[in-house]
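Below is one structure, written out as structure tokens, with a few remarks after it.
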Amino acid sequence: MSKLISNINKTLDNFKFDKHRKFRKIIYKDLKNNDVEKDDYGNGYFYQSLDKINLSGLRSSKNRLKEYDISKYTKNSDILDIGCNSAFLICELEQNFNSCFGIEWNKNLIEIGKKSIKYLDLKKIEIVHGDFLEHNFKDLFFDVIFSFANHSTYDKGIISTEKYFKKCNFLLRDKGKLIIESHHPNYEKKQ
């Protein structure tokens, strides 16, 4: 079903004639160059949407942020987005935060995210290619950590949830918030 939705999104986006059309074509071309098929969470198109450039995705970034009421947690915060994908979700954030740091192990998606951040002229967002569990955050600590269906992944990028949550806990400041999105019940047991 998600493959069908991705194909529909790709087709509809191709028929959008607006000021962002040329940029959408650039990042779609970059997405097509993704040589790691196992990490294609978008089934051939974008996993996250980016309404700011009129781009569809399997998951609506704007709706997810609204549904979770994220803006009430991000005000004046330093944020970490683990597995930020193409950074579209953090590009959609209300710019009420101090800083946002995204990490993603798919280098191709990071390059798309960096282009999008530059295109949108967003100043408080930094994203890096890396493995969350192995990355040295140096002296970075966070008020809010987003863990949107990343605590375990079907591609086996994260296999130790214990190690994952210990690192999250270490990186959170006192009274910090860890915002977790679970996987669909078809992929993750209830417990």
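The values are calculated or read from the model by the stated rules, or taken from the named source; none is laboratory data. All values reported here derive from a predicted model rather than from experimental measurement. Glycine gets a Cβ as well: all are built from the backbone with ideal geometry, and neighbour counts include every protein chain shown. Please note that ligands, DNA and RNA were not included when accessible areas were found on the heavy atoms of the full protein model with its side chains. Shrake-Rupley method; radii C 1.70, N 1.55, O 1.52, S 1.80 Å.
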Original post:
Can you find a residue in segment 155-166 that is open to solvent by less than 20 Å² (accessible area, probe 1.4 Å), in contact with a strand residue (DSSP E or B) (Cβ under 6 Å, 6 or more places away or on another chain) and either within 30 Å of K29 (Cβ to Cβ) or assigned to a strand (DSSP E or B) (or both)?
Top reply: no
Original post:
Of the residues that make up segment 46-57, is at least one under 17 Å from the mean Cα position of the chain (by Cα) and under 25 Å from L133 (Cβ atoms)?
Top reply: yes
Original post:
What's the number of the condition N85 fails, among (1) surrounded by fewer than 21 Cβ atoms within 10 Å (Cβ to Cβ); (2) under 30 Å from K32 (Cβ atoms)?
Top reply: (1)
Subject >> Count of residues meeting criterion [part of a strand (DSSP E or B), open to solvent by 60 Å² or more (accessible area, probe 1.4 Å) and either modelled with pLDDT of 95 or more or not charged (D, E, K, R) (or both)] in segment 38-65 >> reply: 0
**OP:** Pick out the one residue from D35, D18, D81 that is at pLDDT below 95 and either within 21 Å of K118 (Cβ to Cβ) or not in a helix (DSSP H, G or I) (or both).
**Re:** D35
**OP:** Of all residues in segment 88-124, count the ones that are farther than 21 Å from R59 by Cα and open to solvent by less than 40 Å² (accessible area, probe 1.4 Å).
**Re:** 3
Original post:
Checking I145 against (1) open to solvent by less than 10 Å² (accessible area, probe 1.4 Å); (2) closer than 22 Å to D30 by Cβ; (3) touching a strand residue (DSSP E or B) at 6+ places or on another chain (Cβ under 7 Å), which test does it fail?
Top reply: (2)
**OP:** Return yes or no: is S60 without any contact (Cβ under 8 Å) to a residue 40 or more places away in the chain and under 28 Å from K175 (Cβ atoms)?
**Re:** no
